């Protein structure tokens, strides 16, 4: 089974693949559709893997987890108070 370097090719990935990886930060084994998108974006190939799956390294999982934990934009709430 092949291990793919996601961190190195992150800027070349399309938005939907990036979003899938961010939504699934703990995924250890990538499905073949995601692997195909990563290989296409990074001009890689995997002739040896019949099933099309690939493993994610611990370094790449940490990288993806750091992206998924980016702080959300603050929510500003305004309260009107009526005093007697």
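Bear in mind that the values in this text are calculations on the coordinates, not laboratory data. From a predicted model like this one, the values you see are computed outputs, not experimental measurements. Cβ sites come from the backbone with ideal geometry, for glycine too, and all protein chains shown count toward neighbours.
Just a few scattered comments:
- Remark: 59, 53 ranked as 59, 53, counting other beta-carbon atoms within 10 Å and listing the fewest first.
- Rg and Dmax [Cα atoms of the range 2-68; Å; Rg one decimal, Dmax integer]: 10.8, 31
- Förster radius 30 Å - calculated FRET efficiency between residue 14 and residue 75 (Cβ-Cβ, nearest 0.05): 0.55
- Neighbour-count ranking [beta-carbon atoms within 10 angstrom, fewest first] of 69, 77, 61: 77, 69, 61
- Short-range pairs are left out: with C-alpha atoms under 8 Å and at least six residues apart, the relative contact order of the range 2-68 is 50 percent.
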